[in-house]
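Inspection log for the structure reproduced underneath, given as structure tokens.
Nothing in this text is a laboratory measurement; each read-out follows from the coordinates by a stated rule. Note that the coordinates shown come from a computational prediction; the quantities given were computed from them, not determined experimentally. Methodologically, a virtual Cβ is constructed for each residue, glycine included, from the backbone with ideal geometry; neighbour enumeration extends over all protein chains shown.
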Amino acid sequence: MSEPGSERDGDGRTGGELYLDAASTEPVSRDVIDAMLPFMTDAYANPASVHRAGKTAAQALDAARRSFAANLGARPDDVIFTSGGTESDNLAVKGIALARMERMRRDGVVSDLLLGTSRAESAASGRRPRIVISAVEHPAVAESAAWLERFFGFDVVRVPVDDAARIDLDALKRAVDVDPERTALVSVMLANNEVGTIQPVEDVVRIAHAAGVPAHVDAVQAAGQVPIRMREWGVDALSVSGHKFGTPKGLGALLVRGSTPIEPLLSGGGQERGLRSGTQNVAGAVGLAIALDESIAFMREHAAELIASRDRLIQAVLDAVPQARLTGDPRNRLPGHASFIFPGVTGEALLVDLDARGIECSSGSACAVGRHEIPPTLLAMGLEPSIAKSALRLTFRRPLSDDDINRTVSAIRRSCTALGLR
Ligand code: PLP
């Protein structure tokens, strides 16, 4: 793999490899490292300390919170710093669902469910709380919902998507309206990690709110790539992850409006509005603010160029390999995201062969580390498992040059031939 961060301006490539796996993680820029460093060396104090050094750290934390919130169309108080996308999604899905369940229980809307209540028992009561998610959520959301089902007897309703991974809004409305009183939360991602499709989250929020249900948006793949206006869109909680836009891994935030019912998952000293106890990572918060700011400034200037290079790459791949098919929404997709299926080869073999040819990419779900599972989004889009297994994802944050595109396409063509695709 190319040395991360050594040449961010060139997509992190060094020894001739082309890194096309930005949706998995990104290099950290020198500016971000330089901005973070003082808060690990000189200004290292705990931001809760009353001494002057503590105040310096607290001021840096506040400034980072303000900048971060402004760049996502949120208020500083909305920002809860976390350890990344997975934690933010867990806090939103479990925290909001548990808080809402507690209210429903008090109001007698759902039965008195206790930890360990068997599914059969709670199903028999007919008064289970529900959570509505899309069928293409990341495991951080989907498995959090499954956890609520397993331990608290929630009904998990998975709303279908079409063949481009776009959520079926009519089905979402029916799913919410069938029993809004018992529906604790609607959770739908802004952009899909596997196929790049951007969801109409403003419509999702409108449907949820019309039924009095809060809406969570997993914006992990979208933050820094497409504009986000959390408050304007009416979103109640929004997850982001720093390493997708240029911070070290293990940093993120959940933005959550003060009026949203939510239970903390960590007990402790009550930092971050009591929702995320634990001494804050001041350097991390500073890095998050700077990296997001850099990404947004970059996209403001280069988004059109990035999209044009993505579309040239897509067309060149489709021209070079007649069996290849684009996956996801052809137009409404992340700017630096090109994903395909190559019926007749397996994605895993393709990845290995492409790696040997200096092209570093992925099959789609970055988080299935070490397991080559069939990308779940592709299955939800209606593809046969044997076809879904042939997925390839090329993701990048900087516009690709013609040379990058030619190299990538030529490597894909050779790999497909080497793997027996005729
Ligand atoms: N949500 C989505 C859509 C993702 O793509 C990812 C990671 O790829 C996550 C959540 C998890 O984020 P993290 O790696 O910061 O835990």
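Key figures for this structure:
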item: Candidates THR183, THR346, THR377: whichever shows maximal mean-square fluctuation once the chain is modelled as a Gaussian network with Cα springs under 10 Å; result: THR346
item: Fraction of antiparallel bridges per DSSP, the chain only, in percent to nearest 5; result: 50
item: Straight-distance crosslink candidates among lysines, where the alpha carbon sits under 24 Å from LYS94 and sequence neighbours closer than 8 are dropped; result: LYS173, LYS244, LYS249
item: Charge dipole (debye, nearest 20) of the stretch 31-293; +1 at Cβ of Lys and Arg, -1 at Cβ of Asp and Glu; result: 640
item: Of LEU20, SER362, GLN225, farthest towards positive along the dipole that unit charges on Lys, Arg, Asp, Glu beta carbons give the chain; result: GLN225
item: Rg(Cα) / (2.2 N^0.38 Å) computed for the stretch 266-422, rounded to two decimals; result: 1.27
item: Charge-dipole axis of the chain as Lys and Arg at +1 and Asp and Glu at -1 on Cβ define it, positive-most pick from PRO375, MET189, LEU394; result: MET189
item: Partners for LYS389 among aspartates and glutamates (Cα-Cα distance below 14 Å; same-chain residues under 8 apart left out); result: GLU194, GLU348, GLU373
item: About the Cα centre, charge dipole magnitude for the stretch 251-320 (Lys/Arg +1, Asp/Glu -1 at Cβ), debye; result: 260
item: Ranked packing of 209-221, 250-262, most packed first, by mean Cβ within 10 Å; result: 209-221, 250-262
item: For the chain, convex hull volume per residue from C-alpha positions, Å³; result: 136
item: Theoretical FRET efficiency, 1/(1+(r/R0)^6), r = Cβ-Cβ of ASP31 and ARG357, R0 45 Å, to 0.05; result: 0.90
item: Cβ-based net charge around ALA92, under 9 Å, with every Lys or Arg adding one and every Asp or Glu removing one; result: -2
